[in-house]
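The values are calculated or read from the model by the stated rules, or taken from the named source; none is laboratory data. All figures in this text were calculated on a predicted structure; none of them were measured in a lab. Please note: Cβ atoms are built from the backbone with ideal geometry, for glycine as well, and neighbour counts cover all protein chains shown. Each accessible area value is taken on the protein alone, full model and side chains, heavy atoms only, with ligands, DNA and RNA left out. Shrake-Rupley method; radii C 1.70, N 1.55, O 1.52, S 1.80 Å.
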Amino acid sequence: REYGIKPDLTAYNYLLTAHCYGGDLTSAAYLLTKMEEDKMGADSRTYDALVLGACRAGRIDGALMVLRRMLDDGVPALYSTHAHVINAMLRNGYYAETVEFVMSYAGKDQGLDYENFGILASRLIKLDRLDEAKFVLKEMKRRGINLGEKLKDFCLCCN
């Protein structure tokens, strides 16, 4: 400000992420208003920060709305954006809904499938939701998604 340099989208995204991570949605909303005033567009990191903020605030419905808007606007979602939603849904006990969420995005991006299914299976195991975890692992095998070593070890224990 002192030198009259306006922040670019990257700077705004860092600030937005910091506010959303800290749960300060009021400051995040103010920052979004400033971004609009400065005619900044939104990119994947902007939306990722908003999804993170909604998840941290316990507003999974809001996070899903932002994710839907992101996709409708043609902005590709980051893997972390999906991870925020998966973790928030599981944290709130929406186990079956989280499996449905992951399944709804399956088959479009092999890397995303690997991340989403892997995160989901690992977290379900940690949460002792073994039936759901076994279903996810079977689905991973059926789809040819590589299981990491820990998930392979878990599969061996289940057989």
Across the chain, how many lysine pairs, 8 or more positions apart or on different chains, have C-alpha atoms separated by under 29 Å? Please give the number. 19
Rounded tilt (10° steps) of 110-126 against the dominant C-alpha axis of the chain: 70 degrees
Accessible area per residue for the chain in Å², computed with a 1.4 Å probe and the full protein assembly in place, what is it? 60 Å²
Report which label in (i) 10, 33, 24, 14, 11, 7, 2, 0; (ii) 10, 36, 28, 17, 7, 2, 0; (iii) 10, 32, 28, 19, 9, 3, 0 holds the value of P(r) over Cα pairs in 10 Å bins from 0, in percent derived from the coordinates of this structure. (ii)
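Rounded to the nearest percent, how much of the accessible area of the chain (1.4 Å probe, protein heavy atoms only) is carbon and sulfur?
Whole-percent figure for carbon plus sulfur exposure: 53.
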Max mean-square fluctuation residue, GNM over the chain, Cα-Cα springs under 10 Å, options T26, T17, T81: T26
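Can you give the local net charge around A106? Use residues other than it whose beta-carbon is closer than 12 angstrom to its beta-carbon, Lys and Arg +1, Asp and Glu -1.
-2
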Solvent exposure ordering (accessible area, 1.4 Å, most first) of D131, D38, D109: D131, D109, D38
Evaluate E = 1/(1 + (r/R0)^6) for E97 and Y30, where r is the Cβ-Cβ distance and R0 equals 30 Å; express this FRET efficiency to the nearest 0.05. 0.40
Measure nothing but the geometry: give the 0 to 90° angle between the long axis through the Cα atoms of 25-37 and the longest principal axis through the Cα atoms of the chain, rounded to 10°. 60 degrees
Helix 95-105: inclination vs the chain longest Cα principal axis, degrees, rounded to 10, gives 70 degrees
